[in-house]
Each structure stands twice: as structure tokens, then as C-alpha cells.
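Enquirer: A single structure is presented below for examination.
The values are calculated or read from the model by the stated rules, or taken from the named source; none is laboratory data. Nothing here was measured: the structure is a model prediction, and the numbers come from that model. Every residue, glycine as well, gets a Cβ built from its backbone with ideal geometry; the counts of neighbours run over all protein chains shown.
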Ligand SMILES: [Ca+2]
């Protein structure tokens, strides 16, 4: 199973408002609190020690494979982690983030191709809640949209924090376990797992 679903892209106004929160919403209702978000449908995920789904590893490797019918015309990844992530696209490091409240946006169409692609994230936690969130919005040349979101279908395994911070190469195989589903974006999530408003 792949974490793929089709959906309409968020409105441009919503994207601009989220990317530039200090600017006016330019009349887009989607930019208001509680409106559409690029992360809608995504789950906060992490890895759990074997046999103990209540706790989180200090650091982890998360990965997912997905199939595209064609090389994309546009592909924007929205990514956040509590507290740190490094994102790899088909084996190459594409970006990072260190503040869950400020999602990283990455334009990764040039790195994607027709057929099977792979996202990997090395993540590490500074303490308390630990979670990773990702939504990749792809537009294919024929105008169709495809969205890949972080959820329990992703593969996951714990790793040493130092490995997460410094690894330059990825293991060829996906992690053998499934990700721990920490909660739905917008209903739970960092900080500290409390029932929350949308964190962004
Ligand atoms: Ca944390």
C-alpha cells in the first residue's frame, strides 16, 4: 500500500498565506484559521521501539515509495518535524527543517520521475513530543493531481541520533516496521501531543 490519494490542490491563496503568514490573506477564505491546509489528511508519524507503541524513539528513519504515471510538472513537498528532519528524494538530500512551527517547502519536481519514487526522512527529537509531518502535492503534465501524505503506511525504524544527523547514504531497503501513527494533523500533534488547534 502506498500513501497516495488524489485531491484538489489547495488554493493558491491558501498556499501563499501559509508560506507568508505575515501577509494579508488576499481575500482567500482558505487562508483563515481552520481553512484548507496543504497538510490536510496527513498524519504525524514517528517510529516506536519494537513492541512498545506508546513510546517514541529518540531518532528515526521514515520512508515511503509511491508511483507516478509521468514525470511531474510540479511537485511541492511540505514538511515539518518535532524537532528536526532531513528529507531525501530518491536518495538525494533535498532539504531540512528544525522548527515544527515553520514548515519547510521544497520544489522537487526535477528529482521525481515516472514510475516508482521514494521519500526518506531522518528525524531526531530534542525531547517531549516526537513527530514528523509531510504532504507532497504533485501535478502531472495532464493536469491531474496526486498527493502523498505521511501516515501509518510509511516504513519506520529507530536509529541513533548521530546517524540521523549525519548519514549521507540511505539503506537500500525500506525500514521493516510501519510508522507509529501519532495523530491526525489538525486534531493532535506537537507541541506535547495535546489536543490542538492547527499548529500552522
Ligand atoms: Ca520534541
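Enquirer: So is residue 156 within 17 Å of residue 57 (Cα to Cα) and either surrounded by 13 or more Cβ atoms within 10 Å (Cβ to Cβ) or touching a residue at least 24 places away in the same chain (Cβ under 8 Å) (or both) or not?
Expert: yes
Enquirer: Applying the selection to segment 117-143, what residues are in a strand (DSSP E or B) and within 9 Å of the ligand (Cβ to nearest atom)?
Expert: 131
Enquirer: Still on this structure: Quickly run through segment 51-72 and pick out the residues that are within 20 Å of residue 158 (Cβ to Cβ) and part of a loop (DSSP other than H, G, I, E, B).
Expert: 51, 52, 53, 54, 55, 56, 57, 58
Enquirer: Do you know which residues across segment 87-108 are out of contact with any strand residue (DSSP E or B) (no Cβ under 7 Å at 6 or more places or on another chain) and closer than 14 Å to residue 122 by Cα?
Expert: 91, 92
Enquirer: Can you work out which of the residues in segment 73-116 that are within 16 Å of the ligand (Cβ to nearest atom) and in a loop (DSSP other than H, G, I, E, B) is modelled with the lowest pLDDT?
Expert: 101
Enquirer: Here's something else I'd like to know. (1) at pLDDT 95 or above; (2) surrounded by fewer than 21 Cβ atoms within 10 Å (Cβ to Cβ); (3) away from the ligand (no atom under 16 Å from the Cβ): which one isn't true of residue 168, the others all being true?
Expert: (1)
Listed here are the residues, each with its yes/no results for (1) touching a helix residue (DSSP H, G or I) at 6+ places or on another chain (Cβ under 8 Å); (2) within 19 Å of residue 43 (Cα to Cα).
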position: 67; (1), (2): no, no
position: 72; (1), (2): yes, no
position: 75; (1), (2): yes, no
position: 83; (1), (2): no, yes
position: 90; (1), (2): yes, no
position: 97; (1), (2): no, yes
position: 100; (1), (2): no, yes
position: 107; (1), (2): no, no
position: 121; (1), (2): no, yes
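Enquirer: Which ones in segment 42-64 are away from the ligand (no atom under 16 Å from the Cβ) and under 13 Å from the mean Cα position of the chain (by Cα)?
Expert: If the condition is that a residue be away from the ligand (no atom under 16 Å from the Cβ) and under 13 Å from the mean Cα position of the chain (by Cα), then 42, 43, 61, 63, 64 are the ones that fit.
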